[in-house]
Amino acid sequence: MINNKLINPQSIVVVGGSNDVSKPGGLVLKNLLEYGLKDKLYVVNPKLPEVQGIKAYQQVEDLPECDCAVLAIANKYCLHAVEVLANQKKTGGFIILSAGFGEESPEGAEIERKIVETIDKAGGSLIGPNCIGYMNVNYPGVFVAPIPTLGPDGADFISGSGSTALFVMETGISHGLSFNSITSVGNSAQIGVEEMLEYLDETYEEGKSSKIKLLYIESIKKPAKLLKHARSLIRKGCYIAAVKAGSSPAGSRAATSHTGALAGSDTAVDALLRKAGIVRCYGREDLVTVGCIFKIGLMKGRNLGVVTHAGGPGVMLTDALSKYDVNVPHIECPELQAQLLPGSSVGNPFDYLVTGRVEHLKAIMDYCENRFDNIDGMAVIFGNPKLFDVNPYFDLVSDLMHTYKKPIYPIFTSVINAKDEIQRFVDKGNVVFFDEVTFGDAFGKVMNTAGAPEILSDPYEVDVKKIREVIDNAEDGYISPTEVGKLLDAAGIVRAGEAVVTNADDAACQAAKLGFPVVMKVVGPIHKSDVGGVVLNVKNEAEVKSQFDRMIKIKDTTAILIQPMLSGVELYAGAKFEPKFGHLVLFGLGGIFIEVLKDVQSGLAPLAKEEVESMVKKLKGYKMLQGVRGQEGVDIDKFEEAVVRLSLLVEHAPEIVEMDLNPLLGNSKGVVDVDARIKIDKGIK
């Protein structure tokens with residue numbers, strides 16, 4: 001889909017080129033000329049013989065053959081221009097800046113569809129419509145300014161919003177972040193974020209391609225494609241960060257289970273990005289900050305040295321890092337202390353005071369690089385109190401960034417007092433951060449994103465044939481407890497013994513077989529507890545009969561479920577089908593932990609054992625699973641196994657749209673499901 005005529009055209013025509021650089025057709029032509037491409041350029045303008053010093057053709061029919069076309073004309077003229085260029089001029093690359101297509105009206109959508117159809121038939125590539133354009137090291141086909149430094153050391157940025165592309169580019173320039181390419185996909189009529197990421201993956205060349213990929217996404221239309229190529233790029237040594245906009249819960253619907261209440265499209269987005277190894281960001285400053293961290297490189301460990309001449313920023317950075325379990329280890333070094341001014345601190349943060357000299361800063365950084373094995377990198381915070389020339393300090397940091405093995409992250413806070421000095425630092429090819437807390441939050445997210453984890457083969461087997469038999473014979477809606485039991489057994493999920501009864505005598509008989517005390521639950525009502533449909537600790541046959549007679553009269557009740565009374569830590573696991581993404585698996589501690597605290601981890605199926613192990617450790621209540629204050633812990637391995645088996649079940653039974661194992665009861669001997677609900681919809685896609 002993406003061809004060389006778009007990526008590296010030997011000739012470019014601006015259809016709608018203008019002398020007015022306040023218009024898209026004028027500014028894009030100006031950018032191309034200033035990039036030194038005059039000999040490759042053509043212009044179409046029906047009113048002028050010459051535009052910005054280039055001969056103008058009155059109509060596209062008059063043009064010679066041309067590789068790439070940038071269209072800056074009214075939407076109603078675009079289809080004709082595309083048809084002539086694609087079919088007569090051998091044009092293979094198209095950038096349509098014009099708006100008024102599918103984003104505006106059904107009529108515009110139909111024009112857009114015909115344009116894509118024409119370009120597809122000709123084997124062409126289309127960026128847009130309704131975008132600011134596309135630029136790479138070969139040409140700046142965009143109507144924005146300024147054009148950033150372009151080269152393979154910079155980032156590839158793909159944006160679903162033209163204005164955001166511009167704003168991220170400007171923010172990046174201010175931080176010293178360069179770019180390799182910027183793609184504004186606009187309406188994504190043919191090429192969207194996923195297709196461009198696919199191209200970057202399939203054309204990646206070690207030593208030639210950019211290793212940094214930044215994304216701004218408004219709609220993930222092809223999650224599987226995004227996951228595949230992001231994971232592939234990361235395995236090749238790339239780093240990826242993304243902003244996914246539109247994370248609010250607007251349009252939420254009533255849920256009939258804990259899973260339905262907890263799961264949602266943004267939860268699925270989180271799970272997808274985590275599974276891919278993409279660092280999720282929530283704004284352009286966040287995205288650019290992460291991109292700059294990528295540019296400098298990551299620490300090999302989790303121990304950061306904080307070097308500052310101002311105590312407050314060092315403390316705030318340390319606080320920000322602590323939220324992400326990034327360590328600022330305490331240091332004791334009288335030898336270093338003796339080399340600094342009285343009152344300086346070497347405890348980490350290293351505070352050498354506002355009156356500290358360049359040699360004091362260098363001494364601390366030398367010790368962090370060469371003497372302190374428990375320091376893996378340095379954040380250097382420096383402002384400009386206007387007491388002295390800060391250039392020598394900035395020069396030292398710049399020199400050491402290029403010579404030290406441990407990464408150095410410069411945080412220069414005086415954006416007014418040191419404006420010129422910071423620009424001089426950036427002009428040397430460095431990136432810079434302006435705020436210690438913004439840096440700390442971004443750094444923590446980077447350190448806690450594990451890259452693309454290996455998806456290993458699962459160590460557990462399930463009875464796929466039996467699963468399919470139950471699903472194929474089931475009707476849409478919540479299936480019966482008997483069918484639920486068959487599915488859990490086929491998946492290897494351990495469940496409590498149970499009996500479903502429809503008369504009092506049978507209830508008493510089955511309870512005696514299961515062993516007193518027992519639990520009795522209504523079959524039928526969705527929220528059993530709300531209607532008095534759950535009774536615990538039923539101790540004898542007479543009580544069983546009495547409760548049966550009461551419970552069977554509860555509205556919508558069709559039978560009574562009887563189970564032995566078990567004890568242990570309440571756990572929870574569930575799954576929900578999320579359109580386009582597949583099944584979202586959620587799990588955590590049960591009871592108040594899920595209902596109030598929402599201490600839940602989530603991941604996209606299939607989940608490998610290694611993924612679940614990592615996620616379980618991130619639960620806030622993880623220590624409770626291990627056992628605290630004399631309380632018995634949970635067999636964590638068996639809990640993880642239950643989650644993986646649930647993942648395997650929904651993988652082989654995609655018709656399951658909602659599923660709860662709530663509660664699971666866990667103790668040191670194992671994990672047992674006590675109650676489960678499964679909802680089927682054979683029409684899901």
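The values are calculated or read from the model by the stated rules, or taken from the named source; none is laboratory data. This is a predicted model, so every value here is computed, not measured. With ideal geometry, Cβ positions are generated from the backbone for all residues, glycine too; neighbour counts draw on all protein chains shown.
For residues that are among the small types (Gly, Ala, Ser) and under 22 Å from ASP472 (Cβ atoms), scanning just the stretch 631-660, find the one that is farthest from the chain's Cα centre (by Cα). Write out each step before concluding.
Within the stretch 631-660, the subset among the small types (Gly, Ala, Ser) is 633, 642, 647, 653.
Among the residues that remain, those that are also under 22 Å from ASP472 (Cβ atoms) are: 647, 653.
Values: SER647: 21, ALA653: 26 Å.
Only one residue fits best here, namely ALA653.
In the stretch 646-676, of all residues being out of contact with any helix residue (DSSP H, G or I) (no Cβ under 7 Å at 6 or more places or on another chain) and not aliphatic (A, V, I, L, M), the one that is farthest from THR482 (Cα to Cα) corresponds to SER668. Of all residues in the stretch 469-492, those that are on the phi > 0 side of the Ramachandran plot have Cβ atoms under 9 Å from Cβ atoms of residues that are outside any helix (DSSP H, G or I) and not hydrophobic (A, V, I, L, M, F, W, C), 6 or more apart or on another chain, in GLY477/LYS679; GLY477/ASP681; GLY492/TYR460; GLY492/GLU461; GLY492/ASP463. Looking across the stretch 171-205, the residues that are within 16 Å of GLY133 (Cβ to Cβ) and out of contact with any Lys or Arg (no Cβ under 9 Å at 6 or more places or on another chain) come down to PHE179, ASN180, SER181, ILE182, THR183, SER184, VAL185, GLY186, ASN187, GLN190, ILE191, MET196.
Could you check how many residues of the stretch 322-337 are assigned to a loop (DSSP other than H, G, I, E, B) and either under 36 Å from the mean Cα position of the chain (by Cα) or surrounded by 13 or more Cβ atoms within 10 Å (Cβ to Cβ) (or both)? Full working, then the answer.
The first filter runs over the stretch 322-337 and keeps only residues assigned to a loop (DSSP other than H, G, I, E, B), leaving 323-326, 328-333.
Subset that is either under 36 Å from the mean Cα position of the chain (by Cα) or surrounded by 13 or more Cβ atoms within 10 Å (Cβ to Cβ) (or both): 323-326, 328-331, 333.
Of the residues in that region, 9 qualify.
Whether a residue is touching a residue at least 12 places away in the same chain (Cβ under 8 Å), among the aliphatic types (A, V, I, L, M) and surrounded by fewer than 17 Cβ atoms within 10 Å (Cβ to Cβ) was assessed, and ALA145 passes this test.
Restricting LEU340, LEU400, LEU304, LEU317 to residues that are modelled with pLDDT of 95 or more and in a loop (DSSP other than H, G, I, E, B) narrows the list to LEU340. For the stretch 430-457, taking the residues that are surrounded by fewer than 19 Cβ atoms within 10 Å (Cβ to Cβ) and at pLDDT below 95, the one that is nearest to GLY305 (Cα to Cα) is identified as ASN448.
Scanning for something assigned to a helix (DSSP H, G or I), within 20 Å of GLY440 (Cα to Cα) and under 36 Å from the mean Cα position of the chain (by Cα), does the stretch 365-386 turn up at least one residue? Working first, answer last.
Of the stretch 365-386, the ones assigned to a helix (DSSP H, G or I) are 365-370.
Retained after the next criterion (residues that are within 20 Å of GLY440 (Cα to Cα)): 365, 368.
Narrowing further to those that are under 36 Å from the mean Cα position of the chain (by Cα): 365, 368.
Yes; the residues of the stretch 365-386 include at least one that is assigned to a helix (DSSP H, G or I), within 20 Å of GLY440 (Cα to Cα) and under 36 Å from the mean Cα position of the chain (by Cα).
Can you name the residue in the stretch 402-426 that is touching a residue at least 60 places away in the same chain (Cβ under 8 Å) and closer than 21 Å to GLU170 by Cα and is also surrounded by the fewest Cβ atoms within 10 Å (Cβ to Cβ) among such residues? Please lay out each step first, then the result.
The first filter runs over the stretch 402-426 and keeps only residues touching a residue at least 60 places away in the same chain (Cβ under 8 Å), leaving 406-409, 411, 413, 425-426.
Narrowing the set further to residues that are closer than 21 Å to GLU170 by Cα leaves 409, 411, 413, 425-426.
Details: TYR409: 28, ILE411: 24, THR413: 18, PHE425: 24, VAL426: 20.
Per the stated criteria, the residue is THR413.
Determine, yes or no, whether TYR204 is assigned by TED's automatic domain parsing to the domain that holds THR267, within 15 Å of the chain's Cα centre (by Cα), among the aromatic types (Phe, Trp, Tyr) and at pLDDT 95 or above. No.
Name the residue that is nearest to THR149 (Cα to Cα), counting only residues in the stretch 119-135 that are buried (at least 20 other Cβ atoms within 10 Å of the Cβ) and not aliphatic (A, V, I, L, M). Show your work before the answer.
Within the stretch 119-135, the first condition is being buried (at least 20 other Cβ atoms within 10 Å of the Cβ), and the residues that meet it are 119, 124-135.
Within this subset, residues satisfying the condition of being not aliphatic (A, V, I, L, M) are 124-125, 128-131, 133-134.
Numbers: GLY124: 28, SER125: 25, GLY128: 23, PRO129: 25, ASN130: 25, CYS131: 21, GLY133: 17, TYR134: 14 Å.
Among residues in the stretch 119-135 that are buried (at least 20 other Cβ atoms within 10 Å of the Cβ) and not aliphatic (A, V, I, L, M), the one nearest to THR149 (Cα to Cα) is TYR134.
Table: residues versus (1) modelled with pLDDT of 95 or more; (2) of a type outside the set (A, V, I, L, M, F, W, C); (3) surrounded by fewer than 19 Cβ atoms within 10 Å (Cβ to Cβ); (4) under 38 Å from the mean Cα position of the chain (by Cα).
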| site | (1), (2), (3), (4) |
| --- | --- |
| ILE2 | yes, no, no, yes |
| VAL14 | yes, no, no, yes |
| TYR35 | yes, yes, yes, yes |
| GLN52 | yes, yes, no, no |
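Within the stretch 585-592, not a single residue is touching a His at 6+ places or on another chain (Cβ under 7 Å), modelled with pLDDT under 95 and in a strand (DSSP E or B). Those residues that are touching a residue at least 40 places away in the same chain (Cβ under 8 Å) and among the hydroxyl-bearing types (Ser, Thr, Tyr), I need them from the stretch 71-97; list them, please. Within the stretch 71-97, THR91 is the sole residue that qualifies. Filter the stretch 24-66 for residues that are touching a residue at least 60 places away in the same chain (Cβ under 8 Å) and part of a loop (DSSP other than H, G, I, E, B) and give the result. Passing the criteria: TYR35, LEU37.
Criterion first (closer than 21 Å to ASP153 by Cα and assigned to a loop (DSSP other than H, G, I, E, B)) does VAL431 satisfy it? Break it down into steps so the answer makes sense when it comes.
Numbers: closer than 21 Å to ASP153 by Cα: yes; assigned to a loop (DSSP other than H, G, I, E, B): yes.
For VAL431, the condition - closer than 21 Å to ASP153 by Cα and assigned to a loop (DSSP other than H, G, I, E, B) - is met.
Restricting LYS545, LYS553, LYS598, LYS580 to those that are part of a loop (DSSP other than H, G, I, E, B) and free of Cβ contacts under 8 Å to residues at least 60 places away in the same chain reduces the list to LYS553.
Rundown of residues vs (1) assigned to a loop (DSSP other than H, G, I, E, B); (2) in the same structural domain as VAL168 (by TED's automatic domain parsing); (3) touching a Leu at 6+ places or on another chain (Cβ under 8 Å); (4) buried (at least 22 other Cβ atoms within 10 Å of the Cβ), yes/no style:
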position	(1), (2), (3), (4)
THR183	no, yes, no, yes
ILE191	yes, yes, yes, yes
LEU200	no, yes, yes, yes
LEU226	no, yes, yes, yes
ALA230	no, yes, yes, yes
LEU233	no, yes, yes, yes
GLY237	yes, yes, no, no
ILE240	no, yes, yes, yes
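Residues being assigned to a helix (DSSP H, G or I), among the acidic types (Asp, Glu) and over 20 Å from ASP673 (Cα atoms) are represented in the stretch 611-633 by at least one member. Every condition in (1) within 25 Å of ILE173 (Cα to Cα); (2) modelled with pLDDT of 95 or more; (3) of a type in the set (Gly, Ala, Ser) holds for GLY383 except the one numbered (2). Does the stretch 343-363 include one or more residues that are farther than 18 Å from ALA310 by Cα and either in the same structural domain as ASP395 (by TED's automatic domain parsing) or not in a loop (DSSP other than H, G, I, E, B) (or both)? No - not one qualifying residue is present in the stretch 343-363. Against the condition part of a strand (DSSP E or B), among the aromatic types (Phe, Trp, Tyr) and not assigned by TED's automatic domain parsing to the domain that holds ALA230, how does TYR393 come out, does it pass? Considered against the rule, which asks whether it is part of a strand (DSSP E or B), among the aromatic types (Phe, Trp, Tyr) and not assigned by TED's automatic domain parsing to the domain that holds ALA230, TYR393 comes out as no.
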